[in-house]
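These notes concern the structure reproduced below.
The values are calculated or read from the model by the stated rules, or taken from the named source; none is laboratory data. It should be emphasised that the depicted structure is a prediction, and the values quoted were computed from it without experimental measurement. With ideal geometry, Cβ positions are generated from the backbone for all residues, glycine too; neighbour counts draw on all protein chains shown.
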Amino acid sequence: MWLGKAKESLDDATSSLDSHRYGLCAWCSQQALEKLLKAAAVKLKNQRPRKIHDLLPLLRESGLELSDDKIKELAKISKFYFLVRYPDLNKKFFATPEIAKNALAKTKEIFIWIETKLTE
């Protein structure tokens, strides 16, 4: 269930970038990884995922170990949930094409790594 929803969110991120909806692309990128980490918690730890949106605690709870570089990217992507969904929290944030492209590229890289671990 979670893996299928994660793939849908990744597709949504790609479609959003293609249609120049950069904020939505960034948010869907975060959602794809959130759902994928929840899938990891279910598959690898046999536990029900918490109803949170911060990717770093979800990563810890999944038992997966990412490189420091990927953890830094995950932390950046995690912020898109709040920056896009609640624009009043940071009025200076505007999703640009560069931000969206980078977020999606890093999301795909991390997504593929995690998905591989789930299907081994």
A103 vs (1) under 16 Å from W2 (Cα atoms); (2) surrounded by 14 or more Cβ atoms within 10 Å (Cβ to Cβ): all pass except (1)
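May I ask you to say which residue of A75, A26, A41 is within 17 Å of F111 (Cα to Cα), of a type in the set (G, A, S) and modelled with pLDDT under 95? Steps first, please.
Details: A75 fails: modelled with pLDDT under 95; A41 fails: modelled with pLDDT under 95.
Of A75, A26, A41, the one residue that is within 17 Å of F111 (Cα to Cα), of a type in the set (G, A, S) and modelled with pLDDT under 95 is A26.
Residue-by-condition table, conditions (1) over 16 Å from A103 (Cα atoms); (2) more than 9 Å from the chain's Cα centre (by Cα); (3) surrounded by fewer than 21 Cβ atoms within 10 Å (Cβ to Cβ); (4) of a type in the set (S, T, N, Q):
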| position | (1), (2), (3), (4) |
| --- | --- |
| K7 | no, yes, yes, no |
| H20 | no, yes, yes, no |
| G23 | no, yes, yes, no |
| Q30 | no, no, no, yes |
| V42 | yes, yes, yes, no |
| K51 | yes, yes, yes, no |
| L55 | no, no, no, no |
Return the residues of region 46-90 that are assigned to a loop (DSSP other than H, G, I, E, B) and farther than 16 Å from E34 by Cβ; say none if nothing qualifies.
N46, G63, E65, S67, N90
Starting from region 21-44, keep only residues that are farther than 17 Å from V84 by Cα, then list their pairs with residues that are hydroxyl-bearing (S, T, Y) and part of a helix (DSSP H, G or I) whose Cβ atoms are within a distance under 7 Å, requiring at least 6 positions of separation or different chains.
K35/S9; L37/S62; A40/S62; A41/S62; L44/S62
